[in-house]
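Accompanying notes for the structure given below.
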Amino acid sequence: MREYRIAKTDLGRNIYKKKEENWTMQMWFLDGQWKWTLRKDFARTFYHREDAEGILWVMKIKDAKNTD
């Protein structure tokens, strides 16, 4: 199961997804090269909520295509 969210930070907003596998929970952050990473330090920062919402929508569709 995946849960996508926009998190507010000091500078702006980050996009992350929570992923449950084998009784473990992982938080994956969207990095600068449009890939998912476990390191929050490498997360891409969005300065406007509308930009983050648009990219979140695109990444949900992209992830859905990769799992099918």
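All of the numbers you see were taken from the coordinates with simple rules; none came from a lab. Predicted model, so just to flag it, every value in this text is computed and none were measured. Virtual Cβ from ideal backbone geometry, glycine too; neighbours counted across all protein chains shown.
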List every residue pair whose Cβ atoms sit under 9 Å apart, with the two residues 6 or more apart in sequence or on different chains, where the first one lies in the range 24-53 and is in contact (Cβ under 8 Å) with a residue 40 or more places away in the chain and the second, anywhere, is loosely packed, with under 13 Cβ neighbours inside 10 Å.
49/8
Based on what the data block shows, is residue 18 among the basic types (Lys, Arg) and out of contact with any strand residue (DSSP E or B) (no Cβ under 6 Å at 6 or more places or on another chain)?
no
Would you pick out the residues in the range 43-68 that are more than 14 Å from residue 7 (Cα to Cα) and part of a helix (DSSP H, G or I)?
54, 57, 58, 59, 60, 61, 62, 63, 64, 65, 66, 67
Kindly evaluate residue 44 against the criterion of being in contact with a Gly (Cβ under 8 Å, 6 or more places away or on another chain) and surrounded by 10 or more Cβ atoms within 10 Å (Cβ to Cβ).
yes
If you check residue 30 against the conditions, is it aliphatic (A, V, I, L, M) and outside any strand (DSSP E or B)?
no
Could you tell me how many of the residues in the range 22-41 are among the β-branched types (Val, Ile, Thr) and surrounded by 14 or more Cβ atoms within 10 Å (Cβ to Cβ)?
1
Checking the condition surrounded by 10 or more Cβ atoms within 10 Å (Cβ to Cβ) and within 11 Å of the chain's Cα centre (by Cα), which residue from 19, 8 passes?
19
